[in-house]
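The numbers here are math on the coordinates, done by the rules we state, and not lab data. Small disclaimer: the values here were computed from a predicted structure and weren't measured. Neighbour counts run over all protein chains shown; Cβ positions are idealised from the backbone, glycine included.
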Amino acid sequence: MSLRLDWLKYAVWTLIAVTPNAQATAGEQTDYEVFIARPTISNYSIQPGKPLPSNWQSGTTVRWTACRNEREPASFVIQARQPLRGVDVRISELRGEQGIVPAEAVDIRAVAPCFRRITDWPASVNWLLVHDPNLIKIVDEPEPGALDAESAVARAYVKTTVFTRAPMDAETLQSADIEDRRQFWLTVHVPQSAPSGVYRGSLTIECQNAAARKLAIELTVPPFDLLPPEFEYSVYYPTWLEGGDLKADNASNYPVLADAQYLAELRNMAEHGCLNPNIYEGPKLASDGTLDFTHLERILALRRQAGLASGPLYLNGAGPVVSSTKIDPQQAQANVRWVREIIEWAKQRGHSEVYIMGQDEATGAQLTAQREAWQSIHEGGGKVFAANYGDFASLVADLLDLPVLLHPIHSKLDKLSLLPAEQFLSFTAEVSQAVSPNALLTPEHRKTIRTVHKNGFKIFTYMDALSGYTLPDTHRRLRGLALWKADLNGTMTWAYTHITQRPHTQAGRVDWSSIFCFVLRGNEQPFDTLAWEAYREGYDDARYLATLRDALTKAKSVERHRQLLFDTHLWLEGITPDADLDQWREGMIARTAQLLE
C-alpha cells in the first residue's frame, strides 16, 4: 500500500533547497547568495567568519509541514558579497485552495552571534533569536578578570557579548546592515482554523543598495490535529516570584521576578511545550501552625494564565516539610500533617498529585538518610522526586516516586570540557560519540528503568543535555525519539535559566551562564536560543508519535488498514534513536493520514 498522498507531495522534507532561481538577474546573483538549512535543527553550528556547514544549500524555496496550532521552524542565510545596507525581510500571506494563512502567522528573527562558553573554552557562534539584529553584538573587549587570570581557559575570554541598548526586543524584525553574513529564523504558527492543504506565498529580501529578491514559501497542513505527547515535559526553574520569602546565604544572587516577567517566562515555556516546570517555592508556616498558601496561590494563578498543565505539582520547596535530611519522629508527624494539608489544597485547584523534592544529587548514605522523611511524605499522601546519579535503584527504589536520572551523555560531555571550542562546534566524531542517543539502551540502564516501572513509579532524565550545550539536534532527539525508545516518562533538565541568572536591565555586558540556560533573560521577556527551539521540536516529535499510535489503535478497533497496521508496527519497532528525525516525522505524518482515511 502506497504511503504517498496527494496533499503530501510537496512535503517530502520539512525544509528543502530547490533549483536556483531562474529569474534572478546577474546583479542579484552578484550582490548576495541565499542558503537554506536542511535540516533546520542540526548539531552543526554556524560560526562567524567560518564556512557554512554542509547542511546549508543554495536555494529559493522554504517549506514547512505543520499541523494546526503547531509552531515549526525554518532557517536561511544571506551571504553578502559586498556590505548590504538596510536589509529587511518580509513575508506575504500564504494562499491555498482552502483559504489563507496570514503573514502574521510567520515570526521572523535574526540569529545573533554570541561569544560564549562552549566547553570550558569560548567561541563565537550563532545562538540567540532576536527581532532587532542591532540589539546584540560581539566586541573585542576581554571579560572582567580575563587578562589577569592564571588559567589559559580564563584568558581565552578575550571578547564580550553586549547589549547595545536596554535589553528589550522589538515585536517584529527590524532592518539592519549585513557586512558579510546573517542567519534568519522563521517560525510558522499554523492557525487552529486553517483547513488542511498546501499554502503558498513569498518571502522578499529588500536592501537599500541591492536588488530585491523573492523566495517561495510553502506550508503543508496535514489532515489531522496533534494529540498531547505521552511524556511529561518539565525543566528546573530556579526562580522566585517577587513578594515571597526567599531565605538563603546568597539570596541576593538569586533571580526574583515581578509578576509580569514571571508570566512572560511561563508563557514562553508553554509555547515551547514545557508545560510543567518545577516550582522553587512552597507554602509558609503561619503563626497558628497551619500553612499559608497565599504566595503559592499567586504562582499557580500565573501558571494557569500562561496555559501550563494542571497535572502534578513538582515542588522544590514545601515550606516547613523536611524532605532532604534525616528526621526524628516528631518531625515525621509534622510532615504528615503538613503534606496532607498541601495535598488537599492542591486537589482543590486541579492538581491530583504533589511531588516534593528530596536532596539534590544525593548518593550513598546521604540518600538512605532520607528514608524516614520520604516515608512521612508518603503517609501524608505526597510523593518524592529527586535528581540522582543512579544508585537510587539499589538504595531507595521503593520510596523514590520519581527519580530524575542523570543522563549518561552528561558524564561523557563533561569529559570533553577541555576540548577546544572549535573542535566541539565542528561536531567531530569524538563529540558525536559522546552524545550517542543509544546511551540509555545498555542492559544496566534498561534494568534500572524496568525497576522503576515495576514499582509503579515514573522516571525522567536530567542534564539530557545541559540546556546551553550547542547541540540542537541532540536536544531535539533526547526529548522525543530517544525518550520513547528508552521507555522514559519525561524530561526535567537543568535549566530554563541558571540559579544565579538574573534579568538584564541595561545596555552593556551580557552576564550569562550560557551553558546552563535555555534562554537569556532580558528586561521584560526572555530571548530564545537554538537549543530551546530544538526542545520544542522534540516535544512536537512526541506529539506526532502519540497521534500515530492513536491512529493505529483506532484503525485496529474498526479492523481497517490491516496491512498498513502491520507495516507501521514493524516500521516503528525498527526506528532507532539515531534515525533521521525529519524522515521519521515525515513517515509518521504519511502513515497517520492514511490510517485515518
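Tabulated data for the structure shown
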item: Cα centroid separation, the stretch 249-290 to the stretch 344-363 (Å); result: 15
item: DSSP-assigned coil residues among GluC sites (Glu not before Pro) in the stretch 267-318, each with at most 13 further Cβ atoms within 10 Å; result: none
item: Calculated [θ] (222 nm, deg cm²/dmol) that DSSP helices of n ≥ 4 give over the chain, each run adding -39,500 (n - 2.57); result: -8500 deg cm²/dmol
item: Computed over the chain: relative contact order in percent, which uses C-alpha pairs under 8 Å that are six or more apart; result: 16
item: Straight-distance crosslink candidates among aspartates and glutamates, where the alpha carbon sits under 20 Å from residue 458 and sequence neighbours closer than 8 are dropped; result: 230, 232, 353, 360, 361, 379, 391, 398, 401, 444, 487
item: Cα centroid of the stretch 414-449 to Cα centroid of the stretch 99-167, whole Å; result: 25
item: The stretch 220-334: equivalent-ellipsoid semi-axes (sqrt of 5 x gyration tensor eigenvalues, Cα, Å); result: 31, 18, 13
item: Calculated FRET value between residue 202 and residue 287, using beta carbons and R₀ = 60 Å, to 0.05; result: 0.35
item: Net charge contributed by nearby residues that have their C-beta within less than 10 Å of residue 86 (K/R +1, D/E -1); result: -2
item: Charge context of residue 72, other residues only, Cβ under 13 angstrom, K/R +1, D/E -1; result: -3
item: Where a label projected 7 Å from the Cα of residue 557 along Cα→Cβ would reach, residues of the stretch 569-597 with amide N under 20 Å; result: 569, 591-597
item: Whole-Hz ³J(HN,Hα) from phi, Karplus 6.51 cos²θ - 1.76 cosθ + 1.60, for the stretch 403-418, glycine and proline x; result: x, 9, 7, 4, 5, x, 5, 5, 5, 5, 5, 4, 5, 9, 4, 9
item: Two-site label geometry, residue 325 and residue 164: point separation in nm, points 7 Å out along Cα→Cβ; result: 5.2
item: Difference of contour (0.36 nm per residue) and Cα-Cα distance, residue 81 to residue 242; result: 53.0 nm
item: Calculated P(r) tail over 22 Å for the stretch 6-221, as whole % of Cα pairs; result: 55
item: Restraint check, 415/485; 347/383; 50/159; 326/347; 447/485, Cα-Cα greater than 23 Å; result: 415/485; 326/347
item: Kirkwood-type radius of the chain, with distances r between different C-alpha atoms, in Å; result: 25.6
item: Note, ³J(HN,Hα) from phi for the stretch 149-157, Karplus 6.51, -1.76, 1.60, rounded to Hz, x at Gly and Pro; result: 5, 7, 7, 5, 4, 4, 6, 6, 7
item: Average Cα contact separation per residue, the stretch 275-336, under 8 Å, 6 or more apart, as relative contact order %; result: 42
